[in-house]
Amino acid sequence: MSEELRFFDPEELEKSSRNVRRSVDKLYVERLAENIAQVGLQNYPIVRLEGGKYKVVAGWARTLAVRKLKSEMPEVYRRLFPKGLPCRVMELSDREALMISLSENIHTRTLTAEEIGAAVEELRKLGLSEDEIERRLRLASREIKQALEAWEAAKKAGVIPAGRPGRPPEKRAGRRRSPTRKIVVTAYLTARRLVRKGLLEDEEEFARRFVKAAVEAGLSGKEVERVSRMILAAAGKGGVEKPNLDWLIQQALEKLRREDIVERVVAFRRRVADAVSELAKRRGVKFDDIVNELLEAELKRLKK
């Protein structure tokens, strides 16, 4: 796997066909551009030659951020990148390129479960076993299964995976929203799991009801995930009959309304994000839960 450092005009680079990112949130790019302007680019994008053009295998968000610097802060761009954007040019097979892209992005929590699932499915087609995928990506079998489930739900729902959203839009009373990709995929994913529990026969009808309730409540992506977990937890306690599924949805929404949760977009140092992710994985909880636990403990300590 040969490698050399070369400099490119960021405007001329394109995204590789093996880059696992389907899209990048604008807010994330803005934050990244601000960070690069302050501390420089610490990790160079990886590119390979595809169809006579150099395309970005890993580091597409960084490439977009440097483009933003070039157009909006040209003096900063010229100071930081007098020769152009430095990139690691590598000779990579499709499988190697896909593995590098997925490996670099998977632990930054900037990929959706569907994007991970789509990449894992493609790696399988390219000849990698599930054991090898687990080992090389440091993913548990459970995480791979969940990602593949999300990808199957996305395909069934007929939506294309997109990058993780930034801060959710403000909710405005009386304003109806269209269902987001996150709402639709989560609805189908929840329905599939209820089918496996033997609590649901009409997957399409439940997904429709879930989407309708989530849109009417004006839920963000993370709120939809919390409602889904509440529904599955309640259904898993036993004694829940199929006609009570509407009641489960409403009970979960009511419980969510009683929670005092505020969403914020926060930029973590990579090593911190990796450490928190590992801790959350070991405890079998969500990333947000660990962050809240650590912050609450530190706030108590500071008050003493």
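Is it the case that some residue within the range 87-107 is modelled with pLDDT under 85, β-branched (Val, Ile, Thr) and assigned by TED's automatic domain parsing to the domain that holds GLU149?
yes
Can you tell which of LEU41, LEU27 is farther than 20 Å from GLU75 by Cα and either in contact with a His (Cβ under 6 Å, 6 or more places away or on another chain) or surrounded by 12 or more Cβ atoms within 10 Å (Cβ to Cβ) (or both)?
So the residue among LEU41, LEU27 that is farther than 20 Å from GLU75 by Cα and either in contact with a His (Cβ under 6 Å, 6 or more places away or on another chain) or surrounded by 12 or more Cβ atoms within 10 Å (Cβ to Cβ) (or both) is LEU27.
Please specify each residue of the range 201-218 satisfying the condition of being outside any helix (DSSP H, G or I) and closer than 17 Å to ALA252 by Cα.
GLY218
The values are calculated or read from the model by the stated rules, or taken from the named source; none is laboratory data. Because the structure is predicted, anything quoted here is derived from the model rather than measured. Note that we place each Cβ from the backbone using ideal geometry, even for glycine, and neighbour counts take in every protein chain shown.
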